[in-house]
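Q: Below is one structure. I have some questions about it.
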Amino acid sequence: MVPTSHYLFLSLALFTIGVVGVVTRRNVIIILMSIELILNAVNINLVAFAHLWKQVSGQVFAIFIITDAAAEAAVGLGIIIAFFRNRETVLADEMDLLKW
Amino acid sequence: MNALVEFFRPHLLPLLYAVVIVAVLPLIAGYIVLLERKIMADMQARLGPMRVGPHGLLQPIADAVKLLIKEDIIPENADRWIFWLAPLLSVTAGMLALAAFPFGPAFQIADLNIGLLFILGISSMGIFGIVLGGWASNSHYSLLGALRSAAQLVSYETAAGMAVVGGLLLAGTLSTRRIVEMQAEQGTWFIFLAPIAFFTYLVASIAETNRAPFDLPEAESELVAGYMTEYSGFRWALYFLAEYTNMVVVASVATTLFLGGWLRPFPGTTWLNFLDYTPPLLMLLLAGYCFYRTPRQPVKVQQGFLAAVGLLCLLLAVILALPLLPLAVGGIEAQSLRPAIHGGFWFLFKVFAYMYVFMWLRFTFPRYRFDQLMKLGWHFLIPVSIVNVMGIGVALVLDREAGWPLWQALVLTTLLTLAVAAYLAVVGERKDSAAVGGAERSA
Amino acid sequence: MSDTRASGFLPQSGIETTVLGADEIILNMGPQHPSTHGVLRVKLKLDGEKVVESECIIGYLHRGVEKIAEHRSYQQFAPYVDRMDYVAAVSNGLGYCEAVEKLMGVEAPPRARVIRTILTELQRIASHLLWLGTHALDIGALTPVFYCFREREEILKIFEKYCGARLTTHAFRIGGLQYEAYDGMEQDVRRFCDDFATKIEEYEQLLTENRIWVGRTRGVGILTAEDAIAIGATGPVIRASGVKWDIRKAMPYAAYDQYQFEIPTGKNGDTYDRYLVRMEEMRQSRRICLQAIENIPAGPIMARIGKVLKPPPGEVYHAIEAPKGELGYYIVSDGTTQPYRVRIRPPSFINLQAFDRMVRGHLVADVVAIIGTLDIVLGEVDR
Amino acid sequence: MLDLILFYFFATLAIVSAVLVVTRRNAVHSAIFLITALLATAGIFLQLQAEFVFIVQIILYVGGIMVLFVFVIMLVNLDVTLRQMQFNRGWLVGLVLAVALGAQLAYALFLGRNVQLTGPAGGELSAQNTEQVGQVLFQNYLLPFEIASILLLVAMIGAVVMAKKRI
């Protein structure tokens, strides 16, 4: 039996790597991917506790998070495509004009 | 050490099955290619491969050797790493999906509690192989091919998913073995209970394995060979193996879900029991045909080869006939072995019948244009399969709550779904002719 | 070629520009492309998948046939004519021989004229069969090509028995025929015609009511009657647009005035109508052959003309209905044994002018269907 | 014993590919490493007897979202970005702060690692994981389920409006 704290340390590691990705990268697509990583870390926590207390509601909530991640990725990529078509760039710090 | 052996004991048999499948699959894929070329030739009033071995039976081996020896070109500034990874991804996705199929009551690698969903999930990974392959070969044509196939696969995966859900409602469970047992309990295959689900799945699976009339991504006339343009030699063979493995996977899903996996046709009705004798008789017929043709072979070695094939069929006939005889060998009642041995035969028979329909459609229909293909998928196939799922749901509720007999409720809902489908087709036709009028004078 | 490079009309190498960013891509089909029926290079300017503009670049098969004609005697030039539309060599030969006969004021004997008609109609069926096979193959139907070539083989056997050659036959001579009809020719042609009736039903079954075939051809590459006449298109291309114009009826030549046959026309000039028109033409050609074999008149097969032909100075224009359209010969003679000028009106070249007008607004997959429906042969386009 | 081996295998695979996702210059490479990270986490879900979440992760995340990512990366395939700087100017500050946050949380976790947590007792994870998830999803969580579907609908419309060239 793997103690639950191992899963918590793993999800913490993924969470920090995700935050590092979001904070340091310039390419918006990589930032979106790091956000997916963070959501994944959260999922591991949920499923780990669902396993600990034998409650299935943890897994159900994990599924809700996955659907939310799907919605967020779709809209995020939609914005990237719309932005790219106008400014030919995908870098976060070049998106500095509120209206062009 | 023995803890490890003890631990692995329950997994030894599935491991053996896995090795058998992975070893036999390239051979089967090769012989499916030969079968396809023979059927294509037969439909086109010609003979097909006849040179290599009797009636071309050694052609797949010749093809495999040729592909192995052929030079393996990697385009100049292609992304070497992804170029190498893409075909592997496709093949592993195809082979992994084979793990959950019950080829016979005993012969199954893993009876997962989420069997069918596992297969759908893994085969949806196959898209990456195509998309990354097209992107990595850094040529305009393969990029267009990759974009087209990604769009096509994604849209037809939804339609296939909905069609499978239609079948699952009747089965009530996801595990593939239980699905087949449910069909045995209800005595009929699910194709008769949910015909629309079967046909939408048939069309969606053709589109999902990129086969004509939906083979847009590698339409020879426009994009030369789509995402496979820059691949050659063994890498191209991997893509080919992936395509045929996908075909086997898709055919097995249809067999398990709609055509009653290892059950013989009409398992429930007792007066049709003579059908149990068909497997050995069929094999005997095949063996007889081989022996009848042996003297006619021009070359001595071909005669020997064909005789060997005849003997093989005879052996199979004996094995299939064994469980029918009322004898008990080594304590096991022979009759009890019947479902196991005949099951494998019936499963493979249905898989090949399903693939015959694939090949038959390929050689009679021209190719769809890309926008027609998308329109068919989104405007017709997905709505019909969703309405079908609702129809089956309503039928089940009527059956359980209102006490209607199941097949009556299903007939009613199927007719309703057909009405909706007809309406969608008519609307599609009218919009189609309007759009065509517009396109003509757009210059 | 330098000017096109300057205008950036050549496709950019590699894919630095993004598929999304560049709003227009130049797609280069040919000259070596599986579906351009020979060495035709088509430069398409695409917006996404829609064709915005197209340009056909020809000349890859130019052999200077008309210039060669000025240094050959009339008989010596006859084999060159077969190499132009190599799919319908017999009708090329018929056109040239009849033009020179008209120039010399000589008339081929009736027996020669009937045999010429039979062979030309068989050649029309063979040419249409090759068109149907390759056209269906481009649109994706793999089977018709093998059925069509099986029938075409029968016709080529008849040609081989008659004049020893299958493709570039050089079957006719100025003034009549070189070879007498081999005995058993009537039986061969009758057997072919009877068996062909069922075979054409087979093609119809495979394609005509096929939903995908109709979807891919109905409304694709529409050419209205006015455009067709303005461009000067002829043959099945103009008849599918509703114009009832066929040289065999308008200006009968050889023995066409003796036989009854209809001229099929289409309504709205799209690929599907051209398909129907050509299929009907094959049936009509079969009817002509059957009527012609009934009574092949006896008599000489060669008019009395000297060994050395010296037509009187003057000029002549003679047009016949080749499978692709109106094939015309304009010959100017200066009284010597060699023509001063031979100008050939190739139907494929002129039908090809309709390509750009038909292809605009369609998708890349339709471009292939439109090239197929125009039924062009590059030997005739480039000469 | 085997559980631990499996766990460490999946854990290292997930962390290594997560690091590679964040550090790769080429967007497609990081997309592939993200796929391996997602598959590793799916393996961990399997280990925690969460079969349905395992397969939903594969179908939805890897089969759906990542295909979208790769599709967009191919459409937006700018080789010019490869030559530009990948990390923004203040990357060191960001890195330090993030690692500090991680260390704090790690310390908190380390302190509480063998605390006996008391949670809602009585529940049990049945072998038929899918049926159980289905029951709970459609009985106790029906309202969130409907809200999630509306969320997806809104997201779909938003994405289409954003990405369409000419509406």
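Q: Scan the range D:105-132 residue by residue and report those that are in a helix (DSSP H, G or I) and facing chain A (nearest Cβ under 7 Å).
A: Answer for the range D:105-132, where residues must be in a helix (DSSP H, G or I) and facing chain A (nearest Cβ under 7 Å): D:105, D:106, D:109, D:132.
Q: Return the pairs, sorted by first residue and then second, in which the second residue is among the polar types (S, T, N, Q) and not in a helix (DSSP H, G or I), the first residue lies in the range B:15-44 and is not assigned by TED's automatic domain parsing to the domain that holds residue B:101, the beta carbons are less than 6 Å apart, and the residues are 6+ apart or on different chains.
A: Pairs that qualify, where the first residue is not assigned by TED's automatic domain parsing to the domain that holds residue B:101 and the partner is among the polar types (S, T, N, Q) and not in a helix (DSSP H, G or I), are B:43/C:143; B:44/C:143.
Q: Something else now. Read through the list (1) part of a helix (DSSP H, G or I); (2) within 30 Å of residue B:164 (Cβ to Cβ); (3) among the aliphatic types (A, V, I, L, M), then give the number of the only condition that residue B:68 fails.
A: Among (1) part of a helix (DSSP H, G or I); (2) within 30 Å of residue B:164 (Cβ to Cβ); (3) among the aliphatic types (A, V, I, L, M), the lone unmet condition for residue B:68 is (2).
Q: Looking at (1) of a type outside the set (S, T, N, Q); (2) more than 30 Å from residue C:366 (Cα to Cα); (3) in a helix (DSSP H, G or I), can you tell me which one residue B:326 breaks?
A: Failed condition: (3).
Q: Here is a further query. Could you list, in sequence order, all residues of the range D:145-162 that are surrounded by 15 or more Cβ atoms within 10 Å (Cβ to Cβ) and not hydrophobic (A, V, I, L, M, F, W, C)?
A: Within the range D:145-162, just D:158 meets the criteria.
Q: If you don't mind, there's one more thing I want to ask. Quickly run through the range C:89-137 and pick out the residues that are closer than 30 Å to residue C:213 by Cα and either among the acidic types (Asp, Glu) or more than 20 Å from the chain's Cα centre (by Cα) (or both).
A: C:121
Q: Which fully enclosed helices (runs of 4 or more DSSP H) of chain A have 2 or more residues being closer than 25 Å to residue D:163 by Cβ and in contact (Cβ under 8 Å) with a residue 24 or more places away in the chain?
A: A:28-52, A:57-87
Q: Please state which of the following conditions residue C:192 fails to meet, knowing it meets all the rest: (1) away from chain B (no Cβ under 13 Å); (2) outside any helix (DSSP H, G or I).
A: Every listed condition holds for residue C:192 apart from (2).
Q: Then there is this: Among what's in the range B:350-367 and is assigned to a helix (DSSP H, G or I) and within 14 Å of another protein chain (Cβ to nearest Cβ), pick the residue that is nearest to residue B:254 (Cα to Cα).
A: B:358
Q: Considering B:320, B:281, B:325, which residue is under 27 Å from residue B:102 (Cα atoms), in the same structural domain as residue B:349 (by TED's automatic domain parsing) and crowded, with 17+ Cβ neighbours inside 10 Å?
A: Details: B:281 fails: crowded, with 17+ Cβ neighbours inside 10 Å; B:325 fails: crowded, with 17+ Cβ neighbours inside 10 Å.
So the residue among B:320, B:281, B:325 that is under 27 Å from residue B:102 (Cα atoms), in the same structural domain as residue B:349 (by TED's automatic domain parsing) and crowded, with 17+ Cβ neighbours inside 10 Å is B:320.
Q: Give me the residue from the range B:168-206 that is in a loop (DSSP other than H, G, I, E, B) and under 12 Å from residue B:258 (Cα atoms) and, out of that set, nearest to the other protein chains (Cβ to nearest Cβ). Give the steps one after another, and end with the answer.
A: Going through the range B:168-206, the residues in a loop (DSSP other than H, G, I, E, B) turn out to be B:172-175, B:187-189, B:194.
In the following step, the residues that additionally are under 12 Å from residue B:258 (Cα atoms) were identified as B:188-189, B:194.
Working: B:188: 24, B:189: 23, B:194: 20 Å.
Within the range B:168-206, the match that is nearest to the other protein chains (Cβ to nearest Cβ) is B:194.
Q: Kindly indicate which of B:231, B:292 is among the hydroxyl-bearing types (Ser, Thr, Tyr), at pLDDT below 90 and over 26 Å from the mean Cα position of the chain (by Cα).
A: B:292
Q: Follow-up. If the requirement is being touching a helix residue (DSSP H, G or I) at 6+ places or on another chain (Cβ under 7 Å), facing another protein chain (nearest Cβ under 7 Å) and within 14 Å of residue D:38 (Cα to Cα), which of these qualifies: A:82, A:69, A:41, A:48?
A: Testing whether each residue is touching a helix residue (DSSP H, G or I) at 6+ places or on another chain (Cβ under 7 Å), facing another protein chain (nearest Cβ under 7 Å) and within 14 Å of residue D:38 (Cα to Cα) leaves just A:69.
Q: Which of the residues that make up the range C:327-346 are within 19 Å of the chain's Cα centre (by Cα) and either aliphatic (A, V, I, L, M) or within 20 Å of residue C:252 (Cα to Cα) (or both)?
A: Filtering the range C:327-346 for residues within 19 Å of the chain's Cα centre (by Cα) gives C:327-330, C:343-346.
Matches in the range C:327-346: C:327, C:328, C:329, C:330, C:344, C:345, C:346.
Q: For the range C:199-225, what are the residues that are in contact with a Ser or Thr (Cβ under 9 Å, 6 or more places away or on another chain) and either under 21 Å from residue C:361 (Cβ atoms) or of a type in the set (Gly, Ala, Ser) (or both)?
A: Across the range C:199-225, the qualifying residues are C:214, C:216, C:217, C:218, C:219, C:220, C:221, C:222, C:223, C:224, C:225.
Q: Which condition number in (1) in a helix (DSSP H, G or I); (2) under 22 Å from the mean Cα position of the chain (by Cα); (3) touching a residue at least 40 places away in the same chain (Cβ under 8 Å); (4) surrounded by 15 or more Cβ atoms within 10 Å (Cβ to Cβ) is the one that residue B:82 fails?
A: (2)
Q: Would you mind listing the helices (runs of 4 or more DSSP H) fully within the range D:1-103 where at least 1 residues are at the interface with chain A (Cβ under 8 Å from one of its Cβ atoms) and under 16 Å from residue A:9 (Cα atoms)? Explain how you work it out, then say what you get.
A: Numbers: elements: D:2-23, D:27-47, D:51-56, D:66-75, D:79-83.
Result: D:2-23, D:27-47.
Q: Could I ask something else about it? Anything in the range D:133-167 that is of a type in the set (Val, Ile, Thr) and facing chain A (nearest Cβ under 7 Å)? List them, or say none.
A: D:133, D:136
The values are calculated or read from the model by the stated rules, or taken from the named source; none is laboratory data. This one's a predicted model, so the numbers in the text were calculated from it and none came from an experiment. Neighbour counts run over all protein chains shown; Cβ positions are idealised from the backbone, glycine included.
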